[in-house]
């Protein structure tokens, strides 16, 4: 069996789950969940079924399902209260309570304050929001039932800082109401029927029924977990790893942030907005190290920390400064002015285990690197050079002091057609081509571009034709 709602699989909700899996909020102890279904007589042409059951079974199931998916089963309904506010002018009257408040406790998760209402308008400041508060930070999902994603769908704020939007960093299709039946049918065809969603659904229904009992009797209700386990994604790993061919392969996030001196973007803000790739010059090492060791930072294993050696600085001293601040070993190092001696110095540190991968920053985007797992370019590479890099298994970072260097006439035309910022279109274009843009300014726009499906369908065909 399978059971709706399937909202844990929607793109924004998956991103929130990933932040929890990364440990961004620390131990989550308190949550506020809202389900303002609203005046169904105003927005639904057949409101009778809503009025018959109240807001729990249509609205509250969305945040409750996410909470069960992320933290496992609820253990106790501590308290609950119901009321029946409803406009006197309405001819259609509710059969069930229209406003429900409850306090719930997980077996291994936060204490939850739930409000579900048919009376509070669904255009209220809170609609289907869920706010989680942990030891190290807070996580906010603005619509737990949303099928489509958005730049502001998920927000994170570490302790002592304002919320920062965490936009998607990879394109993902919106969820649909048919996803659940389609997934169930697929699992049956494979002979691998997944009963986890059915167990979760049965537990959520049991929670709603228990809330009603507590509201009637005033006595707390303890629940059986029903075999439900939490379902969080594993943190990603961006590391150099061996392939079946014997050649090492480097997995990188789709876009990176360039961190240098104190006049540049705040590394903590970059991390809070979802950056998993920091490319750090020695002048920005102390600030980056401070942000990385502060509460609310993702597990370092889910980040890629790269050093960038400036052309005028010695390789050994630069890497010493970087590893002192960022830890040892660095995931990778890019070397500007990549003479044979400078690359050899970086490679020796790689052999010593202080650096995992070394690559040159090429003066010309048409240059090719010899047997490198990683190269940096200072301009977007042309198609011939990029194809050569890809054939050799080399990852390409475009290290851009000015991110507008990415914006060309094709990006401007694409932005006009899609009504978005030119840089956002240019980043989507670069990511589609297999280039990892690393920008020192306008990072939020670049990050949003990486997660935007700008080159789908006819847009991708146009781009392929223009190459």
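The values are calculated or read from the model by the stated rules, or taken from the named source; none is laboratory data. Since this is a predicted model, take the numbers as computed values, not measurements. Every residue, glycine as well, gets a Cβ built from its backbone with ideal geometry; the counts of neighbours run over all protein chains shown.
Could you pull out every one of the helices (runs of 4 or more DSSP H) wholly within region 264-327 that has 2 or more residues that are in the same structural domain as residue 18 (by TED's automatic domain parsing) and within 21 Å of residue 444 (Cβ to Cβ)?
none
Scan region 112-137 for residues that are surrounded by fewer than 22 Cβ atoms within 10 Å (Cβ to Cβ) and either under 24 Å from the mean Cα position of the chain (by Cα) or without any contact (Cβ under 8 Å) to a residue 12 or more places away in the chain (or both) and jot them down.
Correct list: 125, 126, 127, 129, 131, 133, 135, 136.
Being crowded, with 17+ Cβ neighbours inside 10 Å, part of a loop (DSSP other than H, G, I, E, B) and at pLDDT below 90 is the requirement here; does residue 175 meet it?
yes
Consider region 121-135. How many of its residues are out of contact with any helix residue (DSSP H, G or I) (no Cβ under 9 Å at 6 or more places or on another chain) and part of a loop (DSSP other than H, G, I, E, B)?
Selection size over region 121-135: 6.
So which helices (runs of 4 or more DSSP H) are wholly in region 332-422 and hold at least 1 residues that are without any contact (Cβ under 8 Å) to a residue 40 or more places away in the chain, assigned by TED's automatic domain parsing to the domain that holds residue 317 and touching a helix residue (DSSP H, G or I) at 6+ places or on another chain (Cβ under 7 Å)?
Those helices (runs of 4 or more DSSP H) span 340-351, 409-418.
Might you let me know whether region 137-149 holds any residue that is in a strand (DSSP E or B), more than 23 Å from residue 275 (Cβ to Cβ) and assigned by TED's automatic domain parsing to the domain that holds residue 36?
yes
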